[in-house]
Amino acid sequence: EPQMGGRFTWGYDRDVNKLDPVASGWADPGYTAVYEFPMVRHPETGLPVAALAESWEISEDGLEWRLKIRDGVTFQSGEPLTAEIVAANFNVFRDPDQGQNAIFWATVTDVQAAEGNIVVVSTSAPFAAFPETLATEYSMPYNPAVRAELGDSYGATGADGTGPFTLTNFAPGQECLLTKWPEYHGSNIEFLQNKGPAYVDEVRFVPILEAGNRAIEIESGNVDAVTNPGGQDVERLTANSDLVVVEFPQPSNVILSLNHQDTSLGFDDIRVRQAISHAIDREGIAQAVYFGHATPTQGPIASNWKWYDPGVEAFNAFDPDLSKSLLDEAGWVEGSDGMREKDGVKLSWTNVNFANQPFNQPIMEIISENLREIGAEMLNENLELAAFGEARSAQPQSWSQEWLWSSPMDVLIIFGRILPNAAYNGVTPALDQAFTDWQSAATEEELIDAAS
């Protein structure tokens with residue numbers, strides 16, 4: 001039976017980020033405690049189900065969505081949640097000068113409130129992917145008056161959402177402390193077991209950045225849960241009858257992105273890029289870094305996504321001999337030191353790696369070892385979050401990061417066309433058309449086609 005009261009301490013696998021649904025470095029789990037989604041995806045069917053938007057209608061031409069916002073919902077400050085506030089939120093989210101993920105709203109042309117607590121969303125094209133947008137942390141309604149009052153410190157010194165917990169303390173490197181909101185109005189998400197106020201009094205997120213320390217912390221009773229313990233510890237934790245281990249594939253991938261504009265290293269030549277990809281031992285990484293608790297992916301999308309296309313598995317297989325022959329074709333010859341070179345330039349570069357994700361560093365080190373086998377050298381510059389964005393915008397020769405997002409297609413739009421820019425990743429008309437098709441699909445079948 002559920003235990004009432006007390007504090008639940010969660011050992012988190014990265015540092016805490018401020019809880020601002022407009023813009024922040026990472027969407028922490030605390031978002032779903034302080035805020036609520038307009039819609040959510042059902043965990044089994046993947047179909048959208050009601051949350052703050054208790055129902056919706058789509059016009060025959062697919063150009064207008066009418067969302068009925070739940071009556072009786074209030075912010076933690078006591079201010080009612082209204083269609084006017086939700087419409088104002090949506091207009092901030094879709095504004096490229098304010099919303100961190102405005103690209104998700106690309107086809108939305110206008111958002112207005114109407115009678116009956118209705119939000120009317122107008123689009124320039126049908127937008128069957130709209131539920132994907134409304135099921136992300138960066139679409140969660142917030143109180144704009146409080147955000148305006150707190151300015152850049154919103155989500156750190158305070159927050160005002162409609163969720164079952166309030167933000168009590170935010171201290172990067174130490175904790176994010178959330179406190180039960182006793183007046184919570186309750187949820188109408190159909191698959192939740194507890195739809196009312198929270199069972200526990202507090203939830204405290206504490207960063208445990210070293211993967212090897214997470215098992216120790218939960219075994220010693222210092223925390224009640226940990227996220228992503230070291231792969232070497234999973235078997236031991238599973239055998240411990242005092243613990244419950246839940247294992248599932250998250251919608252994520254680790255990416256290594258090459259600068260297609262870099263002609264000095266031949267990254268503008270698809271044969272060189274393919275050679276680098278075929279040199280990567282993805283299965284070896286899954287075993288060495290995650291001790292088998294990870295899935296090798298042959299393309300930009302993890303295989304557990306609803307619309308994953310297994311046809312991608314024909315590409316990018318680990319094949320060092322093929323890598324070498326592709327480099328031969330591209331004119332990169334092996335020198336006396338084993339390094340590939342062309343026109344006096346060695347195939348050597350520095351990769352900018354987002355080291356705030358602790359497992360990224362060993363992954364990139366293994367890839368560097370893989371590349372040495374084909375005569376290429378990739379050095380790694382490991383940067384923390386504060387420095388990583390600036391380094392990436394400077395268009396390095398390559399950069400690496402994990403993405404974790406409920407809508408992988410939207411993430412590809414960000415990483416393929418925005419970060420650092422479209423030219424960096426190579427202008428591909430067919431790919432651009434697929435992104436456009438995704439954001440203007442009228443039916444699920446069209447979404448599947450665009451995703452494929």
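The values are calculated or read from the model by the stated rules, or taken from the named source; none is laboratory data. Everything numeric here is computed off the predicted structure, so don't read it as measured data. Please note: Cβ atoms are built from the backbone with ideal geometry, for glycine as well, and neighbour counts cover all protein chains shown. When the accessible area is computed, the model is the full protein with side chains, heavy atoms only, and any ligands, DNA or RNA have been set aside. Shrake-Rupley method; radii C 1.70, N 1.55, O 1.52, S 1.80 Å.
Over all Cα atoms in the stretch 48-102, the spread is summed up by Rg and Dmax: 13.1, 39 Å. Across the accessible surface of the chain, with the other protein chains kept in place and a 1.4 Å probe, carbon and sulfur atoms take up 51 percent. Calculated on C-alpha atoms, the gyration radius of the stretch 167-211 divided by its Kirkwood radius gives an Rg/Rh of 1.10. Report, to the nearest 10°, how far helix 320-329 tilts away from the longest principal axis of the Cα atoms in the chain, using its own Cα long axis and a range of 0 to 90°. For 320-329 against the chain, the angle is about 70 degrees.
In the stretch 23-132, Rg over Rh equals 0.94, where Rg is the alpha-carbon radius of gyration and Rh the Kirkwood radius from pairwise Cα distances. In sequence order, the stretch 222-235 has phi-based couplings of 6, 9, 9, 8, 10, 9, 6, x, x, x, 5, 9, 4, 4 Hz under the Karplus curve 6.51 cos²θ - 1.76 cosθ + 1.60, θ = phi - 60°, and Gly or Pro positions carry x. Straightening the chain between Leu243 and Ser336 buys 28.0 nm, computed as 0.36 nm per residue apart minus the Cα-Cα spacing. Taking 1.306 mPa s as the viscosity and 10 °C as the temperature, the Stokes-Einstein diffusion coefficient of the stretch 110-182 based on its alpha-carbon Kirkwood radius rounds to 106 µm²/s.
For a test of the definition: using alpha carbon positions, the gyration tensor, and the 1.5 limit on a/c, classify the stretch 306-370 as rounded, prolate or oblate. Verdict is oblate for the stretch 306-370.
Restricting the stretch 1-100 to GluC sites (Glu not before Pro) that sit in a DSSP loop and have at most 10 other Cβ atoms within 10 Å of their own Cβ leaves Glu44, Glu60.
Only Cα pairs under 8 Å and 6+ residues apart enter the sum, and on that basis the relative contact order of the chain stands at 17 percent. Solvent-accessible surface of the chain, averaged per residue with a 1.4 angstrom probe and all protein chains in place: 45 square angstrom.
The convex hull around the C-alpha trace of the stretch 378-452, projected and averaged over every direction, spans 6.0 square nanometres.
The percentage of C-alpha pairs in the stretch 129-244 whose separation is greater than 25 Å is 43%. For the chain, the longest principal axis of the C-alpha atoms and the axis of helix 83-93 are separated by about 20°. Computed from Cα positions, the angle between helix 360-372 and the longest principal axis of the chain comes to roughly 20 degrees. When +1 charges are put on Lys and Arg Cβ atoms and -1 charges on Asp and Glu Cβ atoms, the dipole computed for the chain relative to its Cα centre reaches about 420 debye.
When the alpha-carbon atoms of the stretch 276-315 are used, the pair Rg, Dmax equals 10.8, 29 angstrom. Quick check: Cα centre of the stretch 1-64 to Cα centre of the stretch 251-281, how many Å? Here the answer is 34 Å between Cα centres. Measuring between their Cα centroids, the stretch 87-166 and the stretch 373-452 lie 23 Å from each other.
With log10 I(q)/I(0) by the Debye sum over Cα atoms at q = 0.07, 0.12 Å⁻¹ as the read-out, I listed (i) -0.55, -1.14; (ii) -0.40, -1.14; (iii) -0.61, -1.18; which label goes with the value calculated from this structure? Only one option fits the structure, namely (ii). Here the alpha carbons of the stretch 213-326 define both size measures, Rg and Dmax, at 18.5, 57 Å. Pairs of C-alpha atoms in the stretch 297-452 farther apart than 29 Å represent 29 percent of all such pairs. Straight-line cross-link reach from Lys346 at under 21 Å between alpha-carbon atoms covers these lysines, not counting any fewer than eight positions away in the same chain: Lys324. Taking all protein chains as shown and a probe of 1.4 angstrom, Leu412 keeps an accessible surface of around 40 Å².
For GluC sites (Glu not before Pro), the sites in the stretch 216-313 that DSSP calls loop and that have at most 11 other Cβ atoms within 10 Å are Glu247. How many percent of Cα pairs in the stretch 45-202 exceed 22 Å? More than 22 Å apart: 45 percent of the Cα pairs in the stretch 45-202. Compared with the rule-of-thumb size 2.2 N^0.38 Å for a compact globular protein, the stretch 346-402 has a Cα radius of gyration ratio of 1.09.
Only alpha carbons enter this Debye calculation for the stretch 215-268, each as an equal point scatterer, and the log10 of I(q)/I(0) it gives at q = 0.14 Å⁻¹ is -0.53.
Here the 3J(HN,Hα) profile of the stretch 389-395, calculated from phi with Karplus coefficients 6.51, -1.76 and 1.60 at θ = phi - 60°, is x, 5, 5, 5, 5, 7, 6 Hz, Gly and Pro shown as x.
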